[in-house]
Ligand SMILES: Cc1ncc(COP(=O)(O)O)c(C=O)c1O
């Protein structure tokens, strides 16, 4: 009997080691891992540079309190500020902590300018910002909040639709109590649905008009996953606050909230903290990941591989138009939307040793490491094709 609580529906398989894009079971069976801890292992398993970094730092210093200066965190924050819209960073340990910190930063900003009545966050219905008690109410999802009442107040919801108007009644939903709009740049759990650039621009315009803040949740889509450092970059929109996590640690738990100077002014000493957040070991690893990912040729390669992947997937879609409804996503955050439930398809892919994971709306989520090799994509394509052939027989 397992003593782990039953809050996950785990597949009956476990792994003993990983290397690059592959995972291995105890008996040596090799799986192509296009889940990568759900967009966490951005550089694949056991990346040599990360092993070197962790080994070196583990002999020096793991953890000190945020009561002291942490130069390793200064370095990573400086790099993030240099490469992004951000002026300031607060480090955390996970995505949900980062989104909660984003909410705190937004509310605290309005408090600090004497407008504490502005504390509501407007989110997309059925989005995903994590599993903490406030983050589940931010999602506006019945499934995630059921049984966890009382309801946490302070969140309103808008719809995000596949057709126009994309955000119906958006203006009406913004009241004088609204502090911020918070959306995932690409809805991940919600079915790999990118918010089009013109819609991001529209959100920014409304936020400017109403003098409220724009929070873009890049926990899943950020740190190179989209082919740019952030998925919103092509839109040229500048958010005020961006929570990140997952990919920045390359497998080590790191979260962060990035913010501009204006909103950071509210975060005075004592307003937020985290025992583990920003520890030297995490910071060294995060710095190495950011150094590798922000290398120009690295992101260029992500885009090249992503183009190849989408092209090949669209060929399969054209071959099996009754099985595959849509291919969507950004960069190497890819969704294959089926006409019917995707669970059996995912199990079939697993039988052929390809690991993928579900998202809402019958979507199969594909999350290779960002340094995936073209031949590994080709292998995945041949397996997806094989499963489609099997189903269509
Ligand atoms: C967009 C988004 N925000 C927040 C989270 C929560 O991150 P974590 O599971 O690290 O708390 C996730 C996790 O999937 C996510 O996709």
In this structure, is residue 111 in contact with a helix residue (DSSP H, G or I) (Cβ under 7 Å, 6 or more places away or on another chain), under 22 Å from residue 266 (Cα atoms) and touching a residue at least 12 places away in the same chain (Cβ under 8 Å)? no
With the condition kept exactly as written, say whether any residue in segment 123-138 is touching a residue at least 12 places away in the same chain (Cβ under 8 Å), more than 16 Å from the ligand (Cβ to nearest atom) and in the same structural domain as residue 264 (by TED's automatic domain parsing). no
Reported set for segment 285-302 where residues are at pLDDT 95 or above and in a loop (DSSP other than H, G, I, E, B) is 294
Among the residues listed as 110, 85, 148, the single one being out of contact with any strand residue (DSSP E or B) (no Cβ under 7 Å at 6 or more places or on another chain), modelled with pLDDT of 95 or more and more than 16 Å from the ligand (Cβ to nearest atom): 85
Output the residues belonging to segment 147-188 that are touching a residue at least 24 places away in the same chain (Cβ under 8 Å) and in a loop (DSSP other than H, G, I, E, B). 154, 159, 160, 162, 166, 167, 174, 175, 176, 177, 185, 188
For the structure I just gave you, tell me whether residue 242 is outside any loop (DSSP other than H, G, I, E, B), out of contact with any helix residue (DSSP H, G or I) (no Cβ under 6 Å at 6 or more places or on another chain) and within 16 Å of the ligand (Cβ to nearest atom). yes
Strands (runs of 3 or more DSSP E) enclosed by segment 1-101 - at least 1 residues per element that are touching a helix residue (DSSP H, G or I) at 6+ places or on another chain (Cβ under 8 Å) and buried (at least 20 other Cβ atoms within 10 Å of the Cβ): 30-33, 88-92
Given the structure, is residue 191 away from the ligand (no atom under 14 Å from the Cβ), at positive phi and either assigned by TED's automatic domain parsing to the domain that holds residue 102 or part of a loop (DSSP other than H, G, I, E, B) (or both)? no
Some residue of segment 169-186 being outside the structural domain of residue 364 (by TED's automatic domain parsing), within 15 Å of the ligand (Cβ to nearest atom) and more than 23 Å from residue 259 (Cα to Cα): no
Residue 166 being touching a helix residue (DSSP H, G or I) at 6+ places or on another chain (Cβ under 7 Å) and away from the ligand (no atom under 16 Å from the Cβ): yes
Please verify whether residue 257 is touching a residue at least 60 places away in the same chain (Cβ under 8 Å), under 12 Å from the mean Cα position of the chain (by Cα) and within 16 Å of the ligand (Cβ to nearest atom), treating the condition exactly as stated. no
Any chance segment 42-49 includes a residue that's within 16 Å of the ligand (Cβ to nearest atom) and either free of Cβ contacts under 8 Å to residues at least 40 places away in the same chain or in the same structural domain as residue 372 (by TED's automatic domain parsing) (or both)? yes
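The values are calculated or read from the model by the stated rules, or taken from the named source; none is laboratory data. Source: prediction; values computed, not measured. Cβ sites come from the backbone with ideal geometry, for glycine too, and all protein chains shown count toward neighbours.
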